[in-house]
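Okay, structure first, notes after.
The values are calculated or read from the model by the stated rules, or taken from the named source; none is laboratory data. In this text, all values refer to a predicted model and were calculated from it rather than measured experimentally. FYI the Cβ positions are ideal-geometry reconstructions off the backbone, even for glycines, and counts take in every protein chain you see. Side chains included, ligands, DNA and RNA excluded: accessible areas come from the protein's heavy atoms. Shrake-Rupley method; radii C 1.70, N 1.55, O 1.52, S 1.80 Å.
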Amino acid sequence: MPKHFTYKSLDDLRADVAARGLNIQFEDTIDRVLQPVQIGHRKIGNALGIQPMEGCDGDLDGTPGPLTYRRWERFGRGGSKLIWGEATAVDKDARANPRQLFLHEKNVKQFEDLAKKTRAGHRDVFGNDDDLLVGLQITHSGRYSFKKPYLVYHHPQVDQRTYVDKSNGILIDDDYPVVTDDYLEKLEDRFAAIAVLVEQAGFDFIDLKQCHTYLLSELLGARVREGKYGGSFENRTRFIRNVLEKINAKVRKDFIIASRINAYDGIPYRKNPVSGIGEPMPCDLPYKYSFGVDKHDPLREDLTEVKQLLQILIDNNVKLVNVSMGSPYYNMHVGRPYEKPPVDGYESPEHPLEGVERQFRIAGELQQAFPKLPLVGTGYSWLQKFLVNAAESNIKNGRISIASTGRGAIAYPDFVKDLQKHGEMKRSKVCIAVSHCTNLMRSKHNELGQFESGCVPRDPVYAKIFKESLKKQKKQKVDQ
Ligand SMILES: Cc1cc2nc3c(=O)[nH]c(=O)nc-3n(C[C@H](O)[C@H](O)[C@H](O)COP(=O)(O)O)c2cc1C
């Protein structure tokens with residue numbers, strides 16, 4: 001496949017955007033991205049953040065491991081003023097992989113150390129950390145929980161991509177039970193209890209993860225579910241409203257509550273066996289599943305309910321929202337525009353710039369509808385060093401408050417430091433979007449059932465782990 005990112009200069013990139021008829025703007029001069037932003041009662045020192053990026057490097061009990069500390073400290077030393085800690089399960093069975101972080105009553109101290117070391121790293125380089133926010137994302141992995149899927153509802157196409165036993169290729173069937181209302185009610189209490197632990201551990205904010213088609217995200221689109229958590233918009237938002245009420249009753253008034261949402265779930269794609277390119281799975285119209293999707297044209301967004309959700313979040317004391325989209329399992333090009341697909345993916349059915357534009361368009365419409373709510377934007381990494389030029393324009397034009405990078409940050413955790421020092425990011429350090437971080441996430445064939453994930457092209461620690469994983473895979477194939 002041709003390499004998409006071939007631009008030598010910002011003008012080359014601008015020309016390609018124009019040729020494709022896309023609306024992505026870039027500023028030549030960087031200023032606003034380095035200015036402070038107000039979030040609740042706190043002010044962060046710049047408008048460049050780090051997205052949650054799981055390293056799959058906890059121990060089997062969910063406690064941060066050596067590479068977790070290393071990653072977070074590098075983020076702390078890098079200069080971003082919003083460090084959004086990764087997906088951390090609320091329960092052992094809610095983990096997406098055996099090494100996902102899991103916060104519980106017995107490891108609060110280690111999470112406290114993680115936040116402290118991140119801040120210490122920041123102070124070491126920048127003198128103080130008063131204008132730094134460090135948060136933690138809490139989650140239930142829902143149908144992607146590694147022990148067994150916890151389904152909110154049956155989605156005929158997504159079910160065809162949901163495994164009960166992945167290693168033996170066994171998919172769920174129509175009789176597979178969905179979680180009960182009673183389970184969800186108890187889970188609300190669990191979320192509230194974990195929120196207290198996040199506060200105790202010294203994080204500045206908690207993120208209730210409602211994105212990427214995990215359990216809370218799936219609930220928002222549970223139109224075909226029966227009972228009090230499904231069907232109407234009111235029922236589909238019952239869980240988040242109840243959780244927020246319960247958390248607000250338990251935490252300090254000034255503890256910041258945030259949420260990362262899917263503003264557009266998109267529809268499931270599969271790999272064309274001949275071309276290798278992703279294609280939408282056939283589905284009936286009007287489309288009756290998912291969140292943020294236009295039911296008459298599900299390849300497009302419909303933000304009506306998304307805006308209603310944002311109003312609910314604001315009414316329930318949420319001070320910060322991170323806008324994301326798509327599913328890493330069934331339409332990965334939507335959430336993470338890439339050059340090369342991950343092992344379980346497909347060649348991108350659209351030019352990555354179209355994915356970038358979708359992210360900016362949707363976040364922009366939401367920010368313009370809620371100009372006082374700080375929104376964090378996603379989908380910047382594919383733009384490599386020019387991501388800051390796009391961020392500058394989006395912020396200047398009121399299309400986002402904070403621009404954050406995910407893959408870009410594990411490749412280049414100190415991009416803000418370089419920007420401050422040299423006025424630009426270094427080409428030699430940027431993410432090149434070849435999906436090896438996801439490939440490592442999908443690599444399960446070691447003693448712990450999970451390899452650690454990080455940036456293979458830019459970080460020698462992960463280049464070594466990647467090599468080991470390939471070697472082991474080869475050996476296992478020979479032994480079979
Ligand atoms: C290896 C990997 C781990 C990720 N972990 C998380 C996570 O823990 N929580 C989350 O909300 N998103 C997670 N994401 C999604 C990223 O935060 C981000 O939305 C995505 O990579 C697109 O942004 P980017 O173009 O800046 O990379 C992960 C993505 C990758 C590739």
statement: Those residues of the stretch 284-302 which are open to solvent by 10 Å² or more (accessible area, probe 1.4 Å) and touching a residue at least 60 places away in the same chain (Cβ under 8 Å) amount to Lys288, Tyr289, Val293, Glu301
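Kindly evaluate Ser232 against the criterion of being in contact (Cβ under 8 Å) with a residue 60 or more places away in the chain and either closer than 26 Å to Pro328 by Cβ or open to solvent by 30 Å² or more (accessible area, probe 1.4 Å) (or both). Give the steps one after another, and end with the answer.
Values: in contact (Cβ under 8 Å) with a residue 60 or more places away in the chain: no; either closer than 26 Å to Pro328 by Cβ or open to solvent by 30 Å² or more (accessible area, probe 1.4 Å) (or both): yes.
For Ser232, the condition - in contact (Cβ under 8 Å) with a residue 60 or more places away in the chain and either closer than 26 Å to Pro328 by Cβ or open to solvent by 30 Å² or more (accessible area, probe 1.4 Å) (or both) - is not met.
Go through the stretch 118-163 and give me each residue that's outside any helix (DSSP H, G or I) and within 22 Å of Ala195 (Cα to Cα).
Correct list: Leu132, Leu133, Val134, Gly135, Leu136, Gln137, Ile138, Thr139, His140, Ser141, Ser145, Tyr150.
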query: Among the residues of the stretch 407-422 satisfying the criterion of being out of contact with any Cys (no Cβ under 8 Å at 6 or more places or on another chain) and part of a loop (DSSP other than H, G, I, E, B), which is farthest from the ligand (Cβ to nearest atom)?
result: Asp414
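Quick check, is Val334 in a helix (DSSP H, G or I), within 16 Å of the ligand (Cβ to nearest atom) and of a type outside the set (Lys, Arg)? Show your work before the answer.
Working: in a helix (DSSP H, G or I): yes; within 16 Å of the ligand (Cβ to nearest atom): yes; of a type outside the set (Lys, Arg): yes.
Against the criterion (in a helix (DSSP H, G or I), within 16 Å of the ligand (Cβ to nearest atom) and of a type outside the set (Lys, Arg)), Val334 qualifies.
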message: Every residue in the stretch 46-60 that is within 12 Å of the ligand (Cβ to nearest atom) and open to solvent by 10 Å² or more (accessible area, probe 1.4 Å), please.
response: Pro52, Met53, Glu54
field: Filter result (modelled with pLDDT of 95 or more and among the hydrophobic types (A, V, I, L, M, F, W, C)) within the stretch 449-480
entry: Phe451, Cys455, Val456, Val461, Ala463, Ile465, Phe466, Leu470
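So which residues in the stretch 348-366 are in a helix (DSSP H, G or I) and in contact (Cβ under 8 Å) with a residue 40 or more places away in the chain?
From the stretch 348-366, those in a helix (DSSP H, G or I) are 352-366; that's our starting set.
Within the stretch 348-366, Pro352, Leu353, Glu354, Val356, Glu357, Arg358, Phe360, Arg361, Ile362, Ala363, Glu365, Leu366 qualify.
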- request: Restrict the check to the stretch 17-29 and report whether at least one residue is in contact with a strand residue (DSSP E or B) (Cβ under 7 Å, 6 or more places away or on another chain), under 26 Å from Gly398 (Cα atoms) and buried (at least 18 other Cβ atoms within 10 Å of the Cβ).
  value: no
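From the list Trp72, Trp84, which residue is within 16 Å of the ligand (Cβ to nearest atom), aromatic (Phe, Trp, Tyr) and within 30 Å of Leu151 (Cβ to Cβ)? Reasoning before the result, please.
On the way: Trp72 fails: within 30 Å of Leu151 (Cβ to Cβ).
Unique residue meeting the criteria: Trp84.
Being of a type in the set (S, T, N, Q), under 23 Å from Gly326 (Cβ atoms) and touching a helix residue (DSSP H, G or I) at 6+ places or on another chain (Cβ under 6 Å) narrows it down to one of Thr438, Thr378, so name that one. So that I can check it myself, show each step before the final result.
Working: Thr438 fails: touching a helix residue (DSSP H, G or I) at 6+ places or on another chain (Cβ under 6 Å).
That would be Thr378, the only listed residue that is of a type in the set (S, T, N, Q), under 23 Å from Gly326 (Cβ atoms) and touching a helix residue (DSSP H, G or I) at 6+ places or on another chain (Cβ under 6 Å).
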message: Checking the structure you have, find out if any residue of the stretch 164-171 is closer than 30 Å to Arg74 by Cα, of a type in the set (S, T, N, Q) and part of a loop (DSSP other than H, G, I, E, B).
response: no
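Yes or no: the stretch 366-378 includes at least one residue that is under 22 Å from Thr29 (Cα atoms) and open to solvent by 10 Å² or more (accessible area, probe 1.4 Å). It would help to see each step written out before you state the result.
The initial filter retains those residues of the stretch 366-378 that are under 22 Å from Thr29 (Cα atoms), namely 376-378.
Then drop every residue that is not open to solvent by 10 Å² or more (accessible area, probe 1.4 Å), which leaves 378.
Yes - at least one qualifying residue is present in the stretch 366-378.
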query: With respect to the numbered conditions (1) open to solvent by less than 10 Å² (accessible area, probe 1.4 Å); (2) not in a loop (DSSP other than H, G, I, E, B), which one is the sole condition not fulfilled by Lys43?
result: (1)
field: Total residues in the stretch 316-359, condition under 26 Å from Lys396 (Cα atoms), open to solvent by 10 Å² or more (accessible area, probe 1.4 Å) and under 17 Å from the mean Cα position of the chain (by Cα)
entry: 3
task: Select from the stretch 423-480 the residues that are open to solvent by 80 Å² or more (accessible area, probe 1.4 Å), assigned to a loop (DSSP other than H, G, I, E, B) and within 20 Å of Lys166 (Cα to Cα) and list them in ascending order.
output: Lys444, Glu447, Gln480
task: Could you please give the count of residues in the stretch 149-174 that are over 19 Å from Arg95 (Cβ atoms), without any contact (Cβ under 8 Å) to a residue 60 or more places away in the chain, of a type outside the set (A, V, I, L, M) and open to solvent by 20 Å² or more (accessible area, probe 1.4 Å)?
output: 4
statement: If we ask which residues in the stretch 35-50 are touching an Asp or Glu at 6+ places or on another chain (Cβ under 9 Å) and more than 17 Å from Gly398 (Cβ to Cβ), their number turns out to be 7
